[in-house]
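These notes concern the structure reproduced below.
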Amino acid sequence: MALKQISSNKCFGGLQKVFEHDSVELSCKMKFAVYLPPKAETGKCPALYWLSGLTCTEQNFISKSGYHQAASEHGLVVIAPDTSPRGCNIKGEDESWDFGTGAGFYVDATEDPWKTNYRMYSYVTEELPQLINANFPVDPQRTSIFGHSMGGHGALICALKNPGKYKSVSAFAPICNPVLCPWGKKAFSGYLGPDQSKWKAYDATHLVKSYPGSQLDILIDQGKDDQFLLDGQLLPDNFIAACTEKKIPVVFRLQEGYDHSYYFIATFITDHIRHHAKYLNA
């Protein structure tokens, strides 16, 4: 599949690149960012996928999080896709910020008119990794995933739905129990229809209850002053309780004074890169 390079910038000895391609899963052009550390010049490196939150593109993470130095030092290829299909000319796709464009929620839609394009789950877990593995110096056996907010939800469900695929998972302020929060109810009813039993297949709190797989070491950072936490959109306590019941190790850090922004992410991004490097470089 042809990749078109959009940009390339030297950063901490490596290269921050952005590419565009025609996505089969999403039936539209998609952009993704990929950081190639210096080590990628001489051999295959682990792949770490980042999933961004509502309204974001591939640009937010690469320009605001400050992850490059840690990725360079640990020799990680970091991939950051866009958050949804774009320009699909679906009626209503641009009417609200928390549904449609910029709000793919990392599910495979089953409802018209979304089901043709809104297949972000399959894009992130299948099409994009195949593209990365075929075109960049990565070791497919060493892959991890992390994300923020809607993307934190995406990272958790990708790891929980694919035991053994990812060496580690972490999240910043993830939407932990979307079937119970306003964002999730809006997105899931639109993409997946009214049958709430189908929603649970994309809800980390429900998935962890039946998780059969290899041990996962989960790291979650959450700002204590996050307005979306206070508004009941994130519901981390429900996820922590489910993990505790299943004896799945999770480190949950409630960070005093921090909000939902990239200032929060930038503060703790090095900890998360280190968390993944521990497993990816083992």
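Table: residues versus (1) surrounded by 16 or more Cβ atoms within 10 Å (Cβ to Cβ); (2) closer than 21 Å to LYS64 by Cβ.
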{"site": "HIS153", "(1), (2)": "yes, yes"}
{"site": "LEU160", "(1), (2)": "yes, no"}
{"site": "PRO163", "(1), (2)": "no, no"}
{"site": "VAL169", "(1), (2)": "yes, no"}
{"site": "CYS176", "(1), (2)": "yes, no"}
{"site": "ALA187", "(1), (2)": "yes, no"}
{"site": "SER197", "(1), (2)": "no, no"}
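Does THR83 satisfy being open to solvent by 20 Å² or more (accessible area, probe 1.4 Å), part of a loop (DSSP other than H, G, I, E, B) and not small (Gly, Ala, Ser)? Considered against the rule, which asks whether it is open to solvent by 20 Å² or more (accessible area, probe 1.4 Å), part of a loop (DSSP other than H, G, I, E, B) and not small (Gly, Ala, Ser), THR83 comes out as no.
In region 88-145, the residue that is nearest to PRO46 (Cα to Cα) out of those that are of a type in the set (D, E, K, R) and more than 18 Å from the chain's Cα centre (by Cα) is ASP139.
Taken as a whole, region 86-107 holds at least one residue that is under 25 Å from GLY232 (Cβ atoms), open to solvent by 60 Å² or more (accessible area, probe 1.4 Å) and touching a strand residue (DSSP E or B) at 6+ places or on another chain (Cβ under 9 Å).
Only one of the listed residues (LEU156, LEU234) is closer than 30 Å to CYS45 by Cβ and either in a strand (DSSP E or B) or not charged (D, E, K, R) (or both). That residue is LEU156. Just checking, does region 230-247 include any residue being open to solvent by 30 Å² or more (accessible area, probe 1.4 Å), touching a Pro at 6+ places or on another chain (Cβ under 9 Å) and at pLDDT 95 or above? Looking through region 230-247, at least one residue is open to solvent by 30 Å² or more (accessible area, probe 1.4 Å), touching a Pro at 6+ places or on another chain (Cβ under 9 Å) and at pLDDT 95 or above. Taking region 170-199 as the range and being farther than 16 Å from GLN233 by Cα and either touching a Cys at 6+ places or on another chain (Cβ under 8 Å) or charged (D, E, K, R) (or both) as the test, the residues that pass are ASP195, LYS198.
Evaluated against (1) part of a strand (DSSP E or B); (2) more than 19 Å from the chain's Cα centre (by Cα); (3) not aromatic (Phe, Trp, Tyr), ALA242 falls short on exactly one condition, (1). If you check THR125 against the conditions, is it open to solvent by less than 30 Å² (accessible area, probe 1.4 Å), out of contact with any Cys (no Cβ under 8 Å at 6 or more places or on another chain) and either among the polar types (S, T, N, Q) or in a loop (DSSP other than H, G, I, E, B) (or both)? Here the answer is no, as THR125 does not meet what is asked. Of the residues making up region 186-212, those that are of a type in the set (D, E, K, R) and either under 19 Å from the mean Cα position of the chain (by Cα) or outside any helix (DSSP H, G or I) (or both) are ASP195, LYS200, ASP203. The strands (runs of 3 or more DSSP E) found wholly in region 1-44 and carrying at least 3 residues that are within 14 Å of THR57 (Cβ to Cβ) occupy 14-23, 28-36.
The values are calculated or read from the model by the stated rules, or taken from the named source; none is laboratory data. The model shown is predicted, which means the values in this text are computed figures rather than measured ones. Ideal geometry is used to build each Cβ from the backbone, glycine not excepted, and the neighbour counts take in all protein chains shown. These area figures cover heavy atoms from the full protein model, side chains too; ligands, DNA and RNA do not enter into them. Shrake-Rupley method; radii C 1.70, N 1.55, O 1.52, S 1.80 Å.
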